[in-house]
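Asker: Below is one structure. I have some questions about it.
The values are calculated or read from the model by the stated rules, or taken from the named source; none is laboratory data. The shown structure was predicted, so the numbers you read here are calculated from the model rather than taken from an experiment. Neighbour counts run over all protein chains shown; Cβ positions are idealised from the backbone, glycine included. Keep in mind that these areas ignore ligands, DNA and RNA; they rest on the heavy atoms of the full protein, side chains included. Shrake-Rupley method; radii C 1.70, N 1.55, O 1.52, S 1.80 Å.
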Amino acid sequence: MRVLYLLNVSNSSQLSADSGYTFADLLAPALTDAGAEVTVASPVPVGDPRVHFAPTTSPVTKYRARFDPGVNALVTLMRERQPEVVVANQIEAAPAIRAALLEAGVDALIAGYCHYLPFSFTDTGALELDPAMDDRGLGRSVLLAFAAGLAACDRVLVHSSTAASWTTAAAARTGVDLGDKLHIVPAPRDVRLVRAPDGILPPQGRATGLYNHRLYAHYGTARFTQLARRLIADAPVRLTVMDLFGTRSPERVRLDPSPERHLEELAATDGVTIASDRGDRIRYRNLLADAHFGIAPFRPGCPWSMSVIDCQAMGLPVIGPRTGWLAEHIDNELLFDTDEQAVKIAERLATESEFYLLHAKRAFASTADLTPAAVAARYLEAVR
């Protein structure tokens, strides 16, 4: 099977912060091991030399990635590579991909991977647009472009049951019938970030919590900052916050300056240490190993989080708000609705060894089925 994997890399200067690239870097070699001939079309190649590389230009902004897929370049790519399966990691590009295949005279299946959902649903079933995609009111247009992409796909792959439910509901509201297109294929865990919990030692009365998510406002960073102050004040906890971006380009800062603002506020908070892996996966593993538990993001539309999986694969319990995929995936004893509940959970993790070790084992076990080989098998089954 010839697979053409179209990858939009939004952070080519900070690849360690780009979960889509990490996903492809893990999955493409596993697909190759399973017998597929894989070409990744991307601004940067994946690390395995067995995976073919077709260089592309990274979109200047997140909106160009959705509204300017570059049909001319797609037609050339389809003619050169003659794929049997095209993976569209930018769902909104699927209609252009279909048009390019028609123009190139190539008959290929289009598999759209919903790596990111530009919407979410409240507990009462109300659809909410993601504010990250709603600058100057563009959110509705992004939603409609996403729905058009779903209609153009032969297969639609999502990370989780939560994502499947939301995607199905959004499709129905925009007149798209997914039929039997939809498949749940979770993301693989990073083989470099796996640590069996057998040798993990519990905290000795004081714990370090790790928050390793993007500091955008739409990730709920202000809500996390509020919780961080409560944890430090009321629990035997200190926090490490990852600076995932470093120095961003002026264009990205102009579009959304919230990460810099939140980073400055957190850096000035007593009990918070700002850390960076500087793009080094070994350094990142060491930072995870030095922590005792992770904290999930407060992003309402969270259909999946690679950072949560990273922590759990290292045997770190993750505490999180009872919302979205987090409520589906994280152990119920580690979910909270209020700061008071979060403080009590963190205090138990810091002071009750039996409770901590139990959840370290459960965290690790929750990623057991996420090996690249297992995920690649599910991926290929979905696109056949």
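Asker: Give me the pairs: first residue in region 264-283 and closer than 30 Å to Ala233 by Cβ and in contact (Cβ under 8 Å) with a residue 60 or more places away in the chain, second residue charged (D, E, K, R) and assigned to a helix (DSSP H, G or I), beta-carbon distance under 9 Å, and six or more apart or on different chains, which are they?
Answerer: Pairs found: Asp277/Arg283; Asp277/Arg285.
Yes or no, residue by residue, for (1) among the aliphatic types (A, V, I, L, M); (2) crowded, with 21+ Cβ neighbours inside 10 Å; (3) part of a helix (DSSP H, G or I):
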{"residue": "Gly315", "(1), (2), (3)": "no, yes, no"}
{"residue": "Gly320", "(1), (2), (3)": "no, yes, no"}
{"residue": "Leu326", "(1), (2), (3)": "yes, yes, yes"}
{"residue": "Glu333", "(1), (2), (3)": "no, no, yes"}
{"residue": "Lys344", "(1), (2), (3)": "no, no, yes"}
{"residue": "Ala363", "(1), (2), (3)": "yes, yes, yes"}
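Asker: Please find, within region 137-196, the residue that is surrounded by the most Cβ atoms within 10 Å (Cβ to Cβ) out of those that are of a type in the set (Val, Ile, Thr) and part of a loop (DSSP other than H, G, I, E, B).
Answerer: Checked region 137-196; the qualifying residue surrounded by the most Cβ atoms within 10 Å (Cβ to Cβ) is Val185.
Asker: Another question about this same structure. Only one of (1) buried (at least 16 other Cβ atoms within 10 Å of the Cβ); (2) in contact (Cβ under 8 Å) with a residue 60 or more places away in the chain fails for Gln82. Which number is that?
Answerer: (1)
Asker: I would also like to ask the following. Could you tell me how many of the residues in region 365-384 are open to solvent by 60 Å² or more (accessible area, probe 1.4 Å) and outside any helix (DSSP H, G or I)?
Answerer: Number satisfying all stated conditions: 2.
Asker: Still on this model: Any residue that is at pLDDT below 90, farther than 22 Å from Trp166 by Cα and out of contact with any strand residue (DSSP E or B) (no Cβ under 9 Å at 6 or more places or on another chain) - is there at least one of those in region 34-52?
Answerer: no
Asker: Are any residues in region 30-52 within 23 Å of Tyr116 (Cβ to Cβ), in contact (Cβ under 8 Å) with a residue 12 or more places away in the chain, surrounded by 15 or more Cβ atoms within 10 Å (Cβ to Cβ) and of a type outside the set (S, T, N, Q), and if so, which ones?
Answerer: Correct list: Ala30, Leu31, Val38, Val40, Ala41, Pro43, Val44, Val46, Val51.
Asker: Looking at Asp68 and the list (1) out of contact with any Leu (no Cβ under 9 Å at 6 or more places or on another chain); (2) open to solvent by less than 70 Å² (accessible area, probe 1.4 Å); (3) without any contact (Cβ under 8 Å) to a residue 24 or more places away in the chain, which single condition is not satisfied?
Answerer: Looking at each condition in turn, Asp68 falls short on (2).
Asker: Looking at Arg254, Arg299, Arg278, Arg285, which one is buried (at least 17 other Cβ atoms within 10 Å of the Cβ), at pLDDT below 95 and among the basic types (Lys, Arg)? Break it down stepwise before answering.
Answerer: Numbers: Arg254 fails: buried (at least 17 other Cβ atoms within 10 Å of the Cβ); Arg278 fails: buried (at least 17 other Cβ atoms within 10 Å of the Cβ); Arg285 fails: at pLDDT below 95.
The unique qualifying residue is Arg299.
Asker: Residue check, Val253 against (1) assigned to a helix (DSSP H, G or I); (2) out of contact with any Asp or Glu (no Cβ under 7 Å at 6 or more places or on another chain); (3) not aromatic (Phe, Trp, Tyr), all met but one. Which one?
Answerer: Going through (1) assigned to a helix (DSSP H, G or I); (2) out of contact with any Asp or Glu (no Cβ under 7 Å at 6 or more places or on another chain); (3) not aromatic (Phe, Trp, Tyr) one by one, Val253 breaks only (2).
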